[in-house]
Amino acid sequence: GITVGTGAGTLSLTAAPTRSTQNVNTSETTTSTSYTDLATVGPAVTLTPGRATDQILLYSAFMLIAANLRQASISPAIAGATASDIDAAMNTPGNVVSGNRNSAHALPTSVADGSTHTLKYKVNADTATFQDRRISAFTLT
């Protein structure tokens, strides 16, 4: 930010939020039971606000699980770290084959300038299909 003046006449300006959204529409599958890339990696977003920031990540995908009582999941690798279930969006159909758009968010803090967040994918068993994948990131501070 920029600060002009001192004392009661101080004016502080903060740069506009940095944001990015990326999509991958390709329909692809995985049988991996740990978070992995699909054939088309991502989507991924990188923010370069010029300093470490708190951020909000919003992500979604259409997930089709073709077996009863199975689970398909997406989760971001935040700033290159390992994706985890704590940030996951999951599709867990009951006794039917089910496809749904699922979404989730994460609120990472003190993210280094230029960090990349990439969506990763897994299934607990069998095969899951993922398509219309999206991730958006916005600076909060």
All positions within segment 91-125 that are open to solvent by less than 60 Å² (accessible area, probe 1.4 Å), modelled with pLDDT under 90 and part of a loop (DSSP other than H, G, I, E, B):
Pro93, Gly94, Ala125
From the option list Thr36, Thr21, Thr31, Thr6, single residue qualifying as open to solvent by 40 Å² or more (accessible area, probe 1.4 Å) and at pLDDT 95 or above is Thr36
Residues of segment 126-141 classified as over 15 Å from Leu58 (Cα atoms) and part of a strand (DSSP E or B), total
4
Inspect all residues belonging to segment 44-55 and state whether any of them is open to solvent by less than 20 Å² (accessible area, probe 1.4 Å) and among the small types (Gly, Ala, Ser).
no
Of the conditions (1) in a strand (DSSP E or B); (2) open to solvent by 20 Å² or more (accessible area, probe 1.4 Å); (3) among the polar types (S, T, N, Q), Ser73 satisfies every one except a single condition; which number is it?
(2)
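Kindly indicate whether any position in segment 47-69 is within 19 Å of Leu140 (Cβ to Cβ), of a type in the set (Val, Ile, Thr) and in a helix (DSSP H, G or I).
Checked against the condition, which is being within 19 Å of Leu140 (Cβ to Cβ), of a type in the set (Val, Ile, Thr) and in a helix (DSSP H, G or I), segment 47-69 yields no hits at all.
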Does Ser60 fit the bill of being surrounded by 14 or more Cβ atoms within 10 Å (Cβ to Cβ), at pLDDT 95 or above, of a type outside the set (D, E, K, R) and out of contact with any Phe, Trp or Tyr (no Cβ under 8 Å at 6 or more places or on another chain)?
yes
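The values are calculated or read from the model by the stated rules, or taken from the named source; none is laboratory data. For clarity, every value in this text was computed on a predicted model and none was experimentally measured. So basically every Cβ, Gly included, is an ideal-geometry build from the backbone, and we count neighbours across all protein chains shown. To get the accessible areas, we keep the full protein, side chains included, count just its heavy atoms, and leave off ligands, DNA and RNA. Shrake-Rupley method; radii C 1.70, N 1.55, O 1.52, S 1.80 Å.
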